Amino acid sequence: MQQNAQVSSWGILANYTYLVTIGTLMSLTAGTINGIATNAIVFDRVSHLTGRVNNMIRDLVTNPAHGLLVVGIVYIFVMGTFLGGKLLPRLGLTRSLLVPVIPLACVCLLLYVSRVTATPKDLYFPVRYLMAYLLALAMGLQNSVTSQTALGRTTHFTGDLTDMGLAFAHNKWRQAGYIFAKHLGFACGGFSGFVLSRTVAEYIGIAVATGFFVALVLAAARLSSVGAEH
């Protein structure tokens, strides 16, 4: 659920065009990371976790190794949202959004030094678990921080799709359009993650998505500071 949009936010988010652009591009990067993780690293989703929660108990019973992976992803995502709730009031929006870069950088390093992606997807071992949990932590952090601002959710869309339907029902076209743009951005990110996982080394794909996210955050922060000066 979206929290108070006034908490440590960027001034430019009051502008609908900036809001849609930034929210969509952040959703795109989350979708890209999720796509790479699903297709080549974890072979399971690390964001948009509704399906994972649905299958959690079944997986623990029928395939404990995979079930442990899924349970860890779900609750470490929750841990990320908890940390995001603590960080935003202390660090502000820009620095809080840069914190997820730390676990993403660790994943890039692990991918670079290990050969985990060359192993069968049904082979579970500590490095694969660790990377899954780091990716889920990053997604939880991002989603938590953006959810406390006008941006709303940027890595998890089941609730947003409900909100979009309600917005259409009540003729709230701008809200519905914004949510649809984020939804489309996440879907396009999933496709880009699939393409990247087939064309470049996985650590390069994660690094590209992370670098794009950092550039987006810094550009938005700069635009907000320039606007505040004027």
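The values are calculated or read from the model by the stated rules, or taken from the named source; none is laboratory data. In this text, all values refer to a predicted model and were calculated from it rather than measured experimentally. Here Cβ is always computed from backbone atoms with ideal geometry, including for glycine, and neighbour counts include all displayed protein chains.
Quick notes on this one:
- The listed residues are A37, A30, and the only one of them that is in contact with a Ser or Thr (Cβ under 7 Å, 6 or more places away or on another chain), closer than 24 Å to A207 by Cβ and of a type in the set (A, V, I, L, M, F, W, C) turns out to be A30.
- Residues that are outside any loop (DSSP other than H, G, I, E, B) and either at pLDDT below 90 or more than 20 Å from N143 (Cβ to Cβ) (or both), drawn from the stretch 11-33: G11, I12, A14, Y16, T17
- Scanning the stretch 42-99 for residues that are assigned to a loop (DSSP other than H, G, I, E, B), of a type in the set (A, V, I, L, M, F, W, C) and buried (at least 19 other Cβ atoms within 10 Å of the Cβ) yields V42, V46, L49, V99.
- Any chance L83 is within 30 Å of A221 (Cβ to Cβ) and out of contact with any His (no Cβ under 9 Å at 6 or more places or on another chain): yes
- So L110, is it modelled with pLDDT of 95 or more, of a type in the set (A, V, I, L, M), closer than 26 Å to R198 by Cβ and touching a helix residue (DSSP H, G or I) at 6+ places or on another chain (Cβ under 8 Å): no
Results for (1) at pLDDT 90 or above; (2) farther than 30 Å from S225 by Cβ, shown as yes or no for each residue.
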position: M56; (1), (2): no, yes
position: T62; (1), (2): yes, yes
position: V78; (1), (2): yes, yes
position: L88; (1), (2): yes, no
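- Residues in the stretch 156-176 include at least one that is buried (at least 19 other Cβ atoms within 10 Å of the Cβ), within 20 Å of G80 (Cβ to Cβ), in contact (Cβ under 8 Å) with a residue 60 or more places away in the chain and not charged (D, E, K, R).
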